[in-house]
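The structure appears right after this line, and notes come after that.
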Amino acid sequence: MTAAPNQFVARLRPLRLPRVCVAVTGTDPAEMVEKADALVRDNTFLEFRLDYLSRPLLALARIKQFNEYHPHVSTIATCRRVANGGRFRGSVATQLDILTKAAAAGCQLVDLELQSAVRLKRAQLERLRTKAALILSYHDFRGTKKLEETLEKMVALPADFYKIVTTATTLHDNVVMMKFLEKNSDQHSLIGLCMGEQGIISRVLGVRAGSAFTFAAVSEDEKTAPGQVTAQELRSTYRIEQVDPATRVYAVAGDPVAHSLSPAIMNAALRRETVNGVYVALHAKTLKDLLGCVHDIPIHGLSITMPYKEAIIAHLDNTDSHTSKIGACNTVVRAQDGKLYGFNTDAAGVVRPLQQRISLEQAKILVLGAGGAARAAVYGLKERGAEVYILNRTPGPAQKLARSARARLLKRADLKKLSFDVIINATSVGMGNTRESPLNENEIKARYVFDMVYDPQETRFLKAAKARGAQIIPGIEMFVHQAARQFEIWTGETAPRSAMETAALDALETAARLALSGKIAAVVTGPIHKHRMQAIRQGTGKRNPFGIARPREIPQRQSNGFR
């Protein structure tokens with residue numbers, strides 16, 4: 001039986017604990033409390049990770065002063081032992097002493113692992129609960145399994161909150177966690193989430209499934225658990241305080257998706273148009289795992305990126321004619337009856353920016369490449385009456401595309417005698433660096449040059465085009481326009497393109513700063529195939545798809561396909 005709630009829980013309930021508790025670490029007591037002081041303006045629920053300190057007891061005087069000075073802030077004291085995933089190397093008895101003294105220093109909650117609690121006498125736990133609300137916690141760093149069995153063991157001990165944290169090895173593990181919370185949160189005060197990159201769904205949606213709150217990091221480089229999200233992301237990007245049972249879930253799905261820009265721009269659009277929805281990134285290692293989540297969560301709309309754009313078509317109940325022609329789907333809608341409908345908005349990402357500048361009827365347009373992004377561009381432009389030319393390194397795919405779309409096939413030598421209204425780079429060349437270009441400067445003869453690559457924002461190709469007097473269209477325009485069309489398909493609302501573009505540029509700038517500081521290795525880039533990205537990463541001096549020598553020193557980047 002769960003012990004009756006103590007006076008501290010009774011005191012905390014009227015305060016309505018925030019949904020986000022920010023974990024605070026430090027190399028010494030002064031640094032830890034200084035960080036806490038800096039956080040309290042925007043965060044009124046903090047966890048002091050005492051196990052990160054070499055001598056945790058030395059921090060308690062400062063923590064007491066902090067709690068007295070900030071009575072509106074709720075604080076948790078945690079001193080997790082090494083054996084249970086923490087950093088404290090002392091005994092269980094010493095751990096208990098630290099937590100007891102942390103409670104006396106004003107921490108309203110203390111976190112104790114199940115493995116430590118079972119080694120204590122019941123009376124010791126009860127005494128601890130007279131001083132602070134007790135969070136009894138269990139962490140599984142290998143998987144998500146036996147949740148009911150684990151809870152049964154935990155509720156045999158007196159506690160005020162039962163915290164079960166597992167590791168998501170599949171997307172469906174999030175479903176398992178959330179169903180567990182829905183089933184048991186009426187009987188017990190539960191905290192539940194999944195760690196790891198694939199656990200993002202549970203961190204955002206767990207609170208609506210019944211978790212009392214979730215945990216967040218101070219910053220990208222101060223995470224205390226795998227897959228932890230920053231407090232700013234949870235509040236600003238995912239709007240976790242507004243997530244409720246009526247919130248519709250949207251997502252970008254692919255492998256990988258770690259540095260996708262889509263959550264930033266789509267959540268900005270949802271917020272701007274006051275749509276009750278949240279957009280997350282799903283690292284789907286298999287299509288089967290992804291489709292299971294779509295039905296079980298459920299997910300209302302999906303942005304599909306590599307490597308599933310083609311494979312998902314077989315699992316859809318219907319697609320529009322454009323998607324069938326291209327043979328790739330980047331947008332899925334789940335209807336109320338559970339049926340899945342597919343669309344492709346990549347063409348809109350090309351056509352819309354061009355229509356703002358020129359008439360496409362009989363416009364002479366060269367498309368570089370013959371992959372999925374190129375196919376979308378070619379079909380979209382042909383449907384609007386453009387005269388389309390295709391140039392690709394390997395003739396086979398280009399010939400097939402030219403025949404099916406009734407476009408014209410070119411050889412590299414043909415560029416000497418031709419000029420165009422628009423040249424579009426639909427390849428990966430130039431992605432993640434400023435050293436490569438799909439064409440030499442003297443081969444660029446066009447009024448407009450459009451590069452689908454948007455990292456860097458001004459590629460070498462675009463710089464060469466400017467030098468030739470062409471007007472340039474950066475890749476971020478395509479990204480925003482195709483995303484805007486997805487938003488319109490899902491919501492029926494006009495997309496706030498300006499807000500989406502601002503969010504995309506802000507996200508790119510933030511990612512660039514982090515990359516320069518060495519905190520992340522990559523920024524997501526344009527619409528390319530995963531395997532071609534791997535070839536670019538190698539930077540071995542091989543020639544690029546258009547015959548220009550590749551420099552040997554290319555910064556390593558990670559691609560997640562289109563997003």
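Pairs under 8 Å by beta carbon, first residue in the same structural domain as Arg122 (by TED's automatic domain parsing) in the stretch 149-167, partner buried (at least 24 other Cβ atoms within 10 Å of the Cβ) and assigned to a loop (DSSP other than H, G, I, E, B), six or more apart or different chains? Between residues of the stretch 149-167 that are in the same structural domain as Arg122 (by TED's automatic domain parsing) and residues that are buried (at least 24 other Cβ atoms within 10 Å of the Cβ) and assigned to a loop (DSSP other than H, G, I, E, B), the close pairs are Thr166/Thr144; Thr167/Thr144.
All of Ala281, Ala253, Ala225 fail the test of being in contact (Cβ under 8 Å) with a residue 24 or more places away in the chain, outside any loop (DSSP other than H, G, I, E, B) and out of contact with any Pro (no Cβ under 8 Å at 6 or more places or on another chain), apart from Ala253.
Please work out if Thr502 is assigned to a helix (DSSP H, G or I), touching a helix residue (DSSP H, G or I) at 6+ places or on another chain (Cβ under 8 Å) and at pLDDT 95 or above. Considered against the rule, which asks whether it is assigned to a helix (DSSP H, G or I), touching a helix residue (DSSP H, G or I) at 6+ places or on another chain (Cβ under 8 Å) and at pLDDT 95 or above, Thr502 comes out as yes.
Given the criteria surrounded by fewer than 17 Cβ atoms within 10 Å (Cβ to Cβ), under 29 Å from Leu234 (Cβ atoms) and without any contact (Cβ under 8 Å) to a residue 60 or more places away in the chain, does His295 qualify?
Working: surrounded by fewer than 17 Cβ atoms within 10 Å (Cβ to Cβ): yes; under 29 Å from Leu234 (Cβ atoms): yes; without any contact (Cβ under 8 Å) to a residue 60 or more places away in the chain: yes.
Criteria met by His295.
When the stretch 298-320 is filtered for residues that are closer than 23 Å to Arg375 by Cβ and either in contact (Cβ under 8 Å) with a residue 60 or more places away in the chain or in the same structural domain as Leu205 (by TED's automatic domain parsing) (or both), the ones remaining, listed by number, are Gly301, Ser303, Thr305, Met306, Pro307, Lys309, Glu310. In contact with a helix residue (DSSP H, G or I) (Cβ under 9 Å, 6 or more places away or on another chain) and closer than 21 Å to Val82 by Cβ, is that true of Tyr162? Judged against the criteria, Tyr162 is not a match. For the stretch 203-217, the criterion of being more than 28 Å from Thr286 (Cβ to Cβ) and free of Cβ contacts under 8 Å to residues at least 24 places away in the same chain is met by none of the residues.
Restricting the stretch 327-365 to residues that are touching a helix residue (DSSP H, G or I) at 6+ places or on another chain (Cβ under 8 Å), assigned to a strand (DSSP E or B) and not small (Gly, Ala, Ser), the residue that is surrounded by the most Cβ atoms within 10 Å (Cβ to Cβ) is Val332.
Filtering the stretch 36-68 to residues that are within 22 Å of Ala216 (Cα to Cα), among the hydroxyl-bearing types (Ser, Thr, Tyr) and part of a loop (DSSP other than H, G, I, E, B) leaves only Thr44.
The values are calculated or read from the model by the stated rules, or taken from the named source; none is laboratory data. It should be emphasised that the depicted structure is a prediction, and the values quoted were computed from it without experimental measurement. Every residue, glycine among them, receives a Cβ derived from its backbone with ideal geometry; neighbour counts consider all protein chains shown.
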